[in-house]
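Only one structure is covered here, and it is reproduced in the block below.
The values are calculated or read from the model by the stated rules, or taken from the named source; none is laboratory data. Note that the structure is a prediction, hence the values are computed from the model and not measured. With ideal geometry, Cβ positions are generated from the backbone for all residues, glycine too; neighbour counts draw on all protein chains shown. Side chains are part of the model used for accessible areas, which takes the heavy atoms of the whole protein and leaves out ligands, DNA and RNA. Shrake-Rupley method; radii C 1.70, N 1.55, O 1.52, S 1.80 Å.
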Amino acid sequence: MKPKRPVSVSVLMPVYNCEVYLSEAIKSIQDQTFKDFEIIIVNDGSTDKTREIVDLFAEADPRIIPLHTENQGIVDALNHGAQYASGKYLARMDGDDISYAHRFALQVKALDDDDEIVAVSNSIVVIDESGYPKHGGINIAENRVSDLYSVPAREHYLVHPFLMMRRSAFDQVGGYRHILHSEDAELYFRLEEVGKLKNLPQVLGEYRVHTGSVSGKDAQNGRIQSVSAQLAAISARRRRSEREDILLTKDFASEMKSHAYDIISLCQWCIKTLSLTREESEWLRAASVVKYLQHEHWRPYTISNEDAVRIKNFVKTVDSTTIGEEATKDVLRHYLWVIKTKWNWRHCDNNFSVLKDLISPSVVWRAGMIAAKRRSARRFNRLVKSIQRRLA
């Protein structure tokens, strides 16, 4: 390990089989206008040419600290890399994304200017594996209030590969926890307990979504990510009400994979394994289904026939006595939304059997009536405001 001096920013870059995009990602960090940083690249047991690329860059740039480990997963890679960080700020970066040259300068300024802010991120351009914009291109980051009880749970989301946070806050909350594919959301719930989170409006990078990325790899990852994010919210609820936290271990995270053959079965396994209360269980099922439908709208995978059947059966039975009126409306709204927009837009991916398994005429009618009432209410409110303006 080469000797180093303290720096302002330590970049944590966990990489696994990133040979195609890695050079471009590293160069985008090297080209930052803010120069006081180090790059800690944790090669998490790659089997392609990632190691050779990392070593080649490290030989030419003393700011790069290469760490080669056995494959342990992103949480262990990030926590391992943080042990070698000397900066007062920790910046995230993935091996397939691109940071614009002024990213660090603006993020450091935001943290320097307000001591109450513990973490920042920014707006991005979503690109595909060829580097072309997708999903409308620019994604303007929002500063929103988190809600642990909404369906699904809403975190003050910061785009994780463009995160910059105070090292002191990271250490205070205990680093990353083992919650599969939602380690970012879980961290944000804990960070907001010690300070403010902020998204900068500027577009400061390009976030790549492709079939090889974790978030877009397959439907199984989508199920796990959807459920894990809701478990993170339940954990935060318990922590903030001074109740015993749920046990999120690496073994539990690994076992999730073998139970993720459909979204409802995965929920049931988590409920049993973690001994969730009835209220938590009902909410977990509803919130996970809605989150999964949200993911399915723009990720490159398609839900399975088993998912479709289980989701349809769940939506048939959901009612306000178990999860509340607003949560019930959210479930029905997203169910109808996927059928109307996703499947029409993509022409069902030529997979009409999934559409057939997903649709329940009675539920579509029920959801449609709720949507119609909502549209009528919006029209009425617009009419009232128009009359008020004319009378003013």
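Against the numbered list (1) modelled with pLDDT under 90; (2) assigned to a loop (DSSP other than H, G, I, E, B), His181 comes up short only at (1).
The residue pairs whose first member lies in region 29-54 and is closer than 27 Å to Leu106 by Cβ, whose second member is open to solvent by 20 Å² or more (accessible area, probe 1.4 Å) and polar (S, T, N, Q), and whose beta carbons are closer than 7 Å, counting only pairs six or more residues apart or on different chains, are Asp36/Ser8; Phe37/Ser8; Glu38/Ser86; Val42/Thr69. Going through region 271-301 one residue at a time, which ones are within 18 Å of the chain's Cα centre (by Cα) and among the β-branched types (Val, Ile, Thr)? Across region 271-301, the qualifying residues are Val289, Val290.
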